[in-house]
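Engineer: This is the structure, below, for whatever I ask next.
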Amino acid sequence: MSLNQIERAQGLRVRSTQDLAGGLFMILLALGAFVFSWELPAGTLRQLGPGMLPKAFAVICGALGLMLALASLRYNGEKLEGWSWKGIFFALGGACLFGLTIRGFEFGPIQVPALGLLVSGPLLIFFSGLAADDRKLKELLIFAVAMSLGCILLFKYALSLPIPLAPWLLGI
């Protein structure tokens, strides 16, 4: 009996639980993006509306998720294992830390001043980088400073986005 005959005899079964879970998550993400952008007008290709990008993202993400889920039935792959809670904490925590410190916030007695991209950028990259198991703190610090400099040049100066740079120091 050849390998193809054996595979046909086994029928459809999940061969990669990790790919199946990833594909289903992408489909769920796409459905959420489509639902939340439902009332936004998409516009036309000549004049894009505010709903065009999230709806296009939803369609592309859903299609890729479906392809990944179907590939999990055809190709052998990794088994789904436990979650890396450390990675989730540092990655999501870094994004939250950036959002809270870029423009500052007040919550009752807690008050954080607007730190701007000059401080919030390296803080985000350094904190998120702590999720990696093979990190070296010196390399992570150099990477955080270099990436932040690139982000400042791109977003503040090349694209002229209204992102505060260092309101506590320069007032901009």
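The values are calculated or read from the model by the stated rules, or taken from the named source; none is laboratory data. Not measured: the values here are computed from a predicted model. Heads up, the Cβs are rebuilt from the backbone with ideal geometry, glycines too, and the neighbour counts pull from every protein chain shown. Side chains are part of the model used for accessible areas, which takes the heavy atoms of the whole protein and leaves out ligands, DNA and RNA. Shrake-Rupley method; radii C 1.70, N 1.55, O 1.52, S 1.80 Å.
Engineer: I'd like the projected area of region 120-172, averaged over all directions, using the convex hull of its alpha carbons. Report it in nm² with one decimal.
Structural biologist: Mean shadow area of the hull around the Cα atoms is 4.0 nm².
Engineer: Between rounded, prolate and oblate, where does region 41-108 land on the alpha carbon gyration tensor, with a ≥ b ≥ c its root eigenvalues, rounded for a/c under 1.5, else prolate if a/b exceeds b/c? Please report the intermediate quantities before stating the final value.
Structural biologist: Working: a/c = 4.61, a/b = 1.09, b/c = 4.23.
Here region 41-108 falls in the oblate category.
Engineer: Here is a further query. Could you report region 1-137's accessible area per residue, 1.4 Å probe, as an integer in Å²? Show your work: numbers first, answer last.
Structural biologist: Details: 10000 Å² over 137 residues.
For region 1-137, the per-residue accessible area is 73 Å².
Engineer: What does the accessible area of ILE88 come to, in Å² to the nearest 10, when a probe of 1.4 Å is used?
Structural biologist: Here the residue's solvent-accessible area equals roughly 50 Å².
Engineer: Sticking with this structure for a sec: With a 1.4 Å probe and every protein chain left in place, tell me how much accessible area ARG15 has, in Å² to the nearest 10.
Structural biologist: 40
Engineer: Let's see if you can work this out: charge +1 on each Lys and Arg Cβ, -1 on each Asp and Glu Cβ, no other charges. What is the dipole magnitude of the chain about its Cα centre, in debye to the nearest 20?
Structural biologist: Working: 13 positive and 9 negative charges, 50 e Å.
Charge dipole of the chain: 240 debye, to the nearest 20.
Engineer: Round to the nearest 10 and give me the degree value, 0 to 90, for the angle of helix 116-129's Cα axis relative to the longest principal axis of the chain.
Structural biologist: 40
Engineer: Can you pull the percent of the chain's accessible area that's carbon plus sulfur, 1.4 Å probe, other chains left in place?
Structural biologist: On the way: 8920 of 12500 Å².
Reported share for carbon and sulfur atoms: 71 percent.
Engineer: Let me understand the chain better: what is its radius of gyration from the alpha carbons, and its Dmax, in angstrom?
Structural biologist: 22.1, 75
Engineer: Further, regarding this structure: Normalised by the residues of the chain, what does the relative contact order come to in percent, with Cα pairs under 8 Å and at least six apart? Walk me through the intermediate numbers first.
Structural biologist: Values: 218 pairs, mean separation 33.1, N = 172.
Worked out over the chain, it gives 19 percent.
Engineer: Taking region 71-172, which chymotrypsin sites (Phe, Trp or Tyr not before Pro) meet the DSSP loop condition and have no more than 12 other C-beta atoms within 10 Å?
Structural biologist: Numbers: sites: TYR75, TRP83, TRP85, PHE89, PHE90, PHE98, PHE105, PHE107, PHE126, PHE127, PHE143, PHE155, TYR157, TRP168; in loops: TYR75, TRP83, TRP168.
Here the sparse-neighbourhood loop sites are TYR75, TRP83.
Engineer: Not counting ligands, DNA or RNA, and with a 1.4 Å probe, what is ARG74's accessible surface area in Å² rounded to the nearest 10?
Structural biologist: The accessible area of ARG74 comes to roughly 130 Å².
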